[in-house]
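Participant: My questions will all concern the structure given below.
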Amino acid sequence: MDRTFAVAIGGAAGQGVATPGDIFAKLFARRGLHINAYNAYQSIIRGGHTFLTIRAGIEQVTCFGDRIDLLIPLNQDSMDRHLGLMKVGSAVVYNSDTIKPDARPEGVQFCPLPVNQLSKASRSKVEQNTLALAASLKLMGVGFEPLAEILTEQFLRKGSKVVTENLDIARAGYDYAAANFQPLAHICARSRYPIWTGKLMTSFAQLAIDLILVVPLLAACAAHSGGSGVGIPKGFSSISLRCSVGYLETSR
């Protein structure tokens, strides 16, 4: 029995694939699911194709798999490339103003979002990401409050106005999905897990090096100075703080 659920987001570099991917990962982790994420990209130069896959499961997920339960193509190229990966019972959430899919695979639900209508003809090109994210979570049976919490965290540094704008657009996508699309089977759990990223693991490794090498050196210097005291190097305290904040942030 397949006990995993895979979300994939495809688009051109610069279209904002990473942000909705981060939000999906946090939501899965906060629901107590194990995740395995893989980001495939041709180039970091703006315009190159990027494809992020996040697979979540109740038990440990050891690979990102080869079939997708939910696809969010941000451009026509991503739709054309990856539509063949969809499994029976899956869904594709896309901007119907700019993307035109080919023939629908058997058992796959197409979920077109009228982005211009829902965003009230906004000029922002990333609002389709928030709309698609919110609509996808509704399809998965996730309530709006967890999404609102993470969007607030994500955009708080940009000011309350930006937070409100994103919450409003997310609500529009969420409600549209509720009224027009069929829900998917979804998986849930209660416990929480931290999200281990490469940056976070590097920070912990650096902290371990500091503890092994720097702290004994400081103690030796203090003893040599007759107990007058030696200050902690700036780099050490900075790394420790970054590591601690990163861990607490992902464990919330």
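The values are calculated or read from the model by the stated rules, or taken from the named source; none is laboratory data. Since the model is a prediction, treat every value here as computed from it, not as a measurement. Using ideal geometry, Cβ is built from the backbone for each residue, glycine included, and neighbour counts are taken over all protein chains shown.
Participant: For the stretch 84-96, enumerate the residues that are hydrophobic (A, V, I, L, M, F, W, C) and under 17 Å from LEU113 (Cα atoms). If you could, list the steps in order and put the result at the bottom.
Facilitator: First pass over the stretch 84-96, keeping only residues hydrophobic (A, V, I, L, M, F, W, C): 85-86, 88, 91-93.
Within the stretch 84-96, ALA91, VAL92, VAL93 qualify.
Participant: Out of curiosity, is ALA13 assigned by TED's automatic domain parsing to the domain that holds GLU106 and under 12 Å from the mean Cα position of the chain (by Cα)? Reasoning before the result, please.
Facilitator: On the way: assigned by TED's automatic domain parsing to the domain that holds GLU106: yes; under 12 Å from the mean Cα position of the chain (by Cα): no.
For ALA13, the condition - assigned by TED's automatic domain parsing to the domain that holds GLU106 and under 12 Å from the mean Cα position of the chain (by Cα) - is not met.
Participant: If ALA103 satisfies every condition in (1) small (Gly, Ala, Ser); (2) more than 18 Å from ASN129 (Cα to Cα); (3) at pLDDT 95 or above but one, which is the exception?
Facilitator: (3)
Participant: Can I ask one more? Check whether at least one residue in the stretch 69-82 is under 18 Å from ALA135 (Cβ atoms), among the hydroxyl-bearing types (Ser, Thr, Tyr), out of contact with any Ser or Thr (no Cβ under 7 Å at 6 or more places or on another chain) and not in a loop (DSSP other than H, G, I, E, B), and report yes or no.
Facilitator: Yes - at least one qualifying residue is present in the stretch 69-82.
Participant: How many residues does the stretch 137-183 contain that are modelled with pLDDT under 90 and under 14 Å from VAL93 (Cβ atoms)?
Facilitator: Of the residues in that region, 0 qualify.
Participant: Still on this structure, I have one more. Being buried (at least 19 other Cβ atoms within 10 Å of the Cβ) and in contact (Cβ under 8 Å) with a residue 60 or more places away in the chain is the filter; apply it to the stretch 51-61 and report the residue that is nearest to VAL7 (Cα to Cα). Even if it seems obvious, please write down each step before you answer.
Facilitator: At the first step, the residues of the stretch 51-61 found to be buried (at least 19 other Cβ atoms within 10 Å of the Cβ) are 51-57, 61.
Now drop any that are not in contact (Cβ under 8 Å) with a residue 60 or more places away in the chain, which leaves 56-57.
Working: ALA56: 8, GLY57: 12 Å.
Across the stretch 51-61, the extreme among qualifying residues is ALA56.
Participant: Given the criteria touching a residue at least 40 places away in the same chain (Cβ under 8 Å), touching a strand residue (DSSP E or B) at 6+ places or on another chain (Cβ under 8 Å) and within 25 Å of GLY14 (Cα to Cα), does LEU83 qualify? Walk me through it before giving the result.
Facilitator: Working: touching a residue at least 40 places away in the same chain (Cβ under 8 Å): no; touching a strand residue (DSSP E or B) at 6+ places or on another chain (Cβ under 8 Å): yes; within 25 Å of GLY14 (Cα to Cα): yes.
Criteria not met by LEU83.
Participant: Something else: Got at least one residue in the stretch 19-36 being over 23 Å from PRO183 (Cα atoms), out of contact with any strand residue (DSSP E or B) (no Cβ under 8 Å at 6 or more places or on another chain) and in a helix (DSSP H, G or I)?
Facilitator: Yes - at least one qualifying residue is present in the stretch 19-36.
Participant: If you don't mind, another one. Across the stretch 104-135, what is the total count of residues that are touching a strand residue (DSSP E or B) at 6+ places or on another chain (Cβ under 7 Å) and closer than 14 Å to ALA172 by Cβ?
Facilitator: Result for the stretch 104-135: 6.
Participant: Condition (residue is assigned by TED's automatic domain parsing to the domain that holds LEU139, crowded, with 23+ Cβ neighbours inside 10 Å and not hydrophobic (A, V, I, L, M, F, W, C)) applied to the stretch 62-69: is it met by at least one residue? I'd like the intermediate steps shown before the answer.
Facilitator: Step one: of the stretch 62-69, the residues assigned by TED's automatic domain parsing to the domain that holds LEU139 are 62-69.
Remaining after also requiring crowded, with 23+ Cβ neighbours inside 10 Å: 68-69.
Then keep just the ones that are not hydrophobic (A, V, I, L, M, F, W, C); that gives 69.
Among the residues of the stretch 62-69, at least one is assigned by TED's automatic domain parsing to the domain that holds LEU139, crowded, with 23+ Cβ neighbours inside 10 Å and not hydrophobic (A, V, I, L, M, F, W, C), which makes the answer yes.
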